[in-house]
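Step one of this worksheet: look at the structure below.
The values are calculated or read from the model by the stated rules, or taken from the named source; none is laboratory data. Nothing here was measured: the structure is a model prediction, and the numbers come from that model. Don't worry about glycine lacking a Cβ; one is built from the backbone with ideal geometry, like all the others, and counts go over all protein chains shown. These accessible areas exclude ligands, DNA and RNA; they are computed on the full protein's heavy atoms, side chains included. Shrake-Rupley method; radii C 1.70, N 1.55, O 1.52, S 1.80 Å.
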Amino acid sequence: MCSVVVYYHILKSAKIYLYWNSIMIVVNIAHMICSSLRLCFILESAAGPKLHSMDYALLGMNLICFIDIYVRFNTGYRCDETHIVVNRRRIIWHYLRGWFTIDLISCLPVAYILLNTRLHSYRYLLMGHLMSILRVLRLATVVRNLKTFMLIFTDSYIWLRIIRHIVLLGFSVHYSNCIIYMLPVLTYYWNGEICDKYALFLTSINPDLTAFPCTVRYNKALFITVSALVGVDPSSMVKFKSMEEFIVYALIVFYHAMFMVYTVVFLLKIYMTAYSSMMRFHDLMSQMEAYMQHKQLPAQLKKRLRQFYRYRYQEQYYKEDDTLECLSDQLRHEITLHTCHKLVDRLPLLKGLPAGVVGAVLGCLRPEVYLPNDLVMRAGDTGHCMYFVANGTVAVYSLKGAEICHLEDGDHFGEVALLMRDSKRVATVVSVEITQVYRLDAADFRLIVKSNDVLYDRLQVLASQRMHETVLMDDEYRRRRDGTDDLDASALRLN
């Protein structure tokens, strides 16, 4: 009982931590964006430094980040793929050696305190803003937590990678916009005035950054960044008068060129991931076409082979045996149960049986596919297995050739031969359409049936009924045939 309670509290704590991580994703992203905007775009007025609404927003985020520090001191961490450290002393030491310093420095509201005390020192103010910008070093953690957060909504590898790439693209564009103004902003905070040799791309007449609204400056920087991202040279529309600006722009162009190469590789990888199985299927069909051409197979046989492969793989090629081989017996058993659960629901033979017996039957089934008019089994042959129809239709014929019935989804056949001493088939079965069946071999059949009396009795009753129906159908078929032969003989005598 105690272990159950502990397990419940662990699950509850994990759920709370997941919610908290989701909140911190939003807070960290907002903090990274707001702190860089505050430094590079919200410059002080001529009256001197003063509080801005962005400072109040950052103050609220800093308070949440302080709470996050407390949470980190009380949250276990994963030391490898299978172990989570929950020892309090190890947790504290691990955090102190890791992100504690960055988290603490980046959430100290130094700039807010300086502005609130009316301290007119631009250099101290610069240090306060730069401390907040250190939060960007947490970007890798945000991306990692974003992956965990996205697993709540989807486990698609493709969507997880796309969302992560979009976040990285957004941060790349935003921080490139900020870096464009970094030199004049740093000069402004260090010297207390705007240097007139920077940012002349805004206008050739008035290079004063404070004379332009934040949106104008951000849009201009965005234009330069997007141009660099897509490989367009804006030099004919943007003027660079200083070597420093040209170097900054060259670095931005180089970074975004590398980012575009990464994006192309990423898109190719996504494409290969999404369509690799389809391409493998078409490659398999190409090999099959070459094989059929080499063997000079007739057109009808080629058509049947193409039909079989399209149904078997559904245009998505995969090596099922290799995939299942590396799985544990438990996982293979669960896959089989999931694959055959519809079959189990439709099988009266397995209704009410213990789960262990049903699982044993399903674990021994082997899938087979038959095309229209394929012979599944022939009357008079020795029976080595029985079949369960997953989907499709088969026709059953007696030993004399009389059509007995059609079997469809959820039906089974072939069990009569396995219960008889001579193991001879009493009926012929032919597929009417593309039919998928599951084969249960004789050795597995006898092992399972002998261990369950209920299943054995059901099979005995079904086998007796089918034998009786087969005999009746044969007698009826023979009488009809004999009657037809007598009519034909009479007609010949009259003639």
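Classify the range 115-187 from the C-alpha gyration tensor, please: rounded if a/c falls under 1.5, else prolate or oblate depending on whether a/b exceeds b/c. Because a/c hits 1.5 or more and a/b exceeds b/c, the range 115-187 counts as prolate. Using C-alpha pairs below 8 Å separated by at least 6 residues, the relative contact order for the range 90-174 is 25 percent. Each Cα pair under 8 Å and six or more residues apart adds its sequence gap; the mean of these over the residue count of the range 395-484 is a relative contact order of 37 percent.
Mind pulling up the Rg/Rh value for the range 257-329? Radius of gyration and Kirkwood radius, both on Cα.
Result for the range 257-329 is an Rg/Rh of 1.18.
Remark: the range 368-474 carries 47 Å² of accessible area per residue (probe radius 1.4 Å; ligands, DNA and RNA excluded). Would you mind checking K351/K424; K424/K450; K269/K302; K269/K319; K351/K450; K147/K269 for any pair whose Cα atoms are more than 25 angstrom apart? Violating the 25 Å Cα-Cα cut-off are K351/K424; K269/K302. Each Lys and Arg contributes +1 and each Asp and Glu -1, all at the Cβ; summed about the Cα centre of the range 286-440, the dipole is approximately 480 debye.
With the cut-off at 22 Å, report for the range 29-140 the share of all Cα pairs above it, as a whole percent.
40
Cα centroids of the range 354-398 and the range 166-184: 64 Å apart.
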